[in-house]
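Below is one structure; the comments refer to it alone.
The values are calculated or read from the model by the stated rules, or taken from the named source; none is laboratory data. This one's a predicted model, so the numbers in the text were calculated from it and none came from an experiment. Reconstructed Cβ throughout: ideal geometry from the backbone, glycine too, with neighbour counts over all protein chains shown. What goes into the accessible areas is simple: the full protein's heavy atoms, side chains included, and nothing from ligands, DNA or RNA. Shrake-Rupley method; radii C 1.70, N 1.55, O 1.52, S 1.80 Å.
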Amino acid sequence: MNKETAINPIEKKKRALPGEMMILIILIAMFIVLSIASNKFMTWDNMSNLMKQTSINGVVAIGMTFVIISSGIDLSVGAIVGFSGILASMLMVGGWGIAPSVLVAVLASCGIGVANGVLVHDGKVPPFIATLGTMTIVRGVIMLITDARMISGMPDDFINFATSTILGIPALAIIWIVAIIIALLILKFTVFGRNVYSIGSNEEATRLSGVNIRLNIYGIYLVSALCSAVAGIMLASRVGNGLPKGGDGYELDAIAASVVGGASLSGGEGSIVGTVIGALIMQTLRNGGNLLGVNSFILEICIGSLIIVAVLIDKAKKK
């Protein structure tokens, strides 16, 4: 790998800092405006609800960020969220304990992630097509094993976890915070993290430098599936049931959070901090809009417009 390619990921992360500051300012401005517009927005109950709402999508978005930085895309994350929640719910209702059920669901979901990696690297299938196919298959499997019916009757301890708090912070938000810290450490301090940026910047140069592209691609899609599996468990706990349609549309929210947070769909750029802020911006927009009685369809139009603007800004920066 030549000198220019080797330092490229670092340079890109440095250039991303002003962008992160900009979207942070946007988030702060949204909080100020909504606080003035609604006296319910800054209440502890609403802030706690906002954290719960953001945490599940936020965990999925963390995994998506790894994929996007590597110049890939993962459309199967929403289906994996639903699969993980359904499988864990069925096992718990079938008499398995909470811990074994969660472990099996997470491991099975990780297997889907590795399968995505195999399709992308070994099968040479474009990530969009590979994960679109996986999404369709997993959704079909969910409907087949559940007969499109909701799974209920899970243990109270599992259901109560979503409503519990640790030092006043919702337990679901604690999981998100832990995931954020782990992801930050991986991307900043590990060889795997540096390889993720390097592959997204120039895969061929990375290959020529001696990096095992196969194992790293497997690892990237494994991380994405792992995050989605954890989010699926969180969702099942929060709603108290296994939902066949659970996680539907989460892939779009995850991509949006990453892109709004500064990740480039061309690869090589992105950060966990930016993704966290992006997820908060989208969920704050929804939360504030609901408090103000804004039509939900209008909110979706605003979020879609926000995504387009973020991509246009990324293209403009590259030019």
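Within the stretch 251-300, the residues that satisfy the criterion of being touching a residue at least 40 places away in the same chain (Cβ under 8 Å), part of a loop (DSSP other than H, G, I, E, B) and among the small types (Gly, Ala, Ser) are 261, 262, 263, 264, 266, 267, 268, 270, 271. Within the stretch 165-193, residues that are free of Cβ contacts under 8 Å to residues at least 60 places away in the same chain have Cβ atoms under 6 Å from residues that are polar (S, T, N, Q) and surrounded by fewer than 17 Cβ atoms within 10 Å (Cβ to Cβ) in these pairs: 171/164, counting only partners at least 6 apart in sequence or on another chain. With respect to the numbered conditions (1) out of contact with any Gly (no Cβ under 8 Å at 6 or more places or on another chain); (2) under 30 Å from residue 149 (Cβ atoms), which one is the sole condition not fulfilled by residue 215? For residue 215, the exception is condition (2). What do you reckon, is residue 116 of a type outside the set (A, V, I, L, M) and in contact (Cβ under 8 Å) with a residue 12 or more places away in the chain? So residue 116 passes the test. For the stretch 229-252, indicate whether the set of residues that are aromatic (Phe, Trp, Tyr), crowded, with 21+ Cβ neighbours inside 10 Å, at pLDDT 90 or above and within 14 Å of residue 196 (Cβ to Cβ) is non-empty. Checked against the condition, which is being aromatic (Phe, Trp, Tyr), crowded, with 21+ Cβ neighbours inside 10 Å, at pLDDT 90 or above and within 14 Å of residue 196 (Cβ to Cβ), the stretch 229-252 yields no hits at all.
Scanning the stretch 123-163 for residues that are more than 17 Å from residue 229 (Cα to Cα) and basic (Lys, Arg) gives 124, 149.
Entry remark, the stretch 19-73: residues being among the polar types (S, T, N, Q) and within 30 Å of residue 207 (Cβ to Cβ) number 3 in total. Restricting 259, 273 to residues that are crowded, with 22+ Cβ neighbours inside 10 Å, closer than 15 Å to residue 22 by Cα and modelled with pLDDT of 85 or more narrows the list to 259. As a summary of the residue check, residue 101 satisfies the conditions (1) open to solvent by less than 20 Å² (accessible area, probe 1.4 Å); (2) closer than 23 Å to residue 256 by Cβ except for the one numbered (2).
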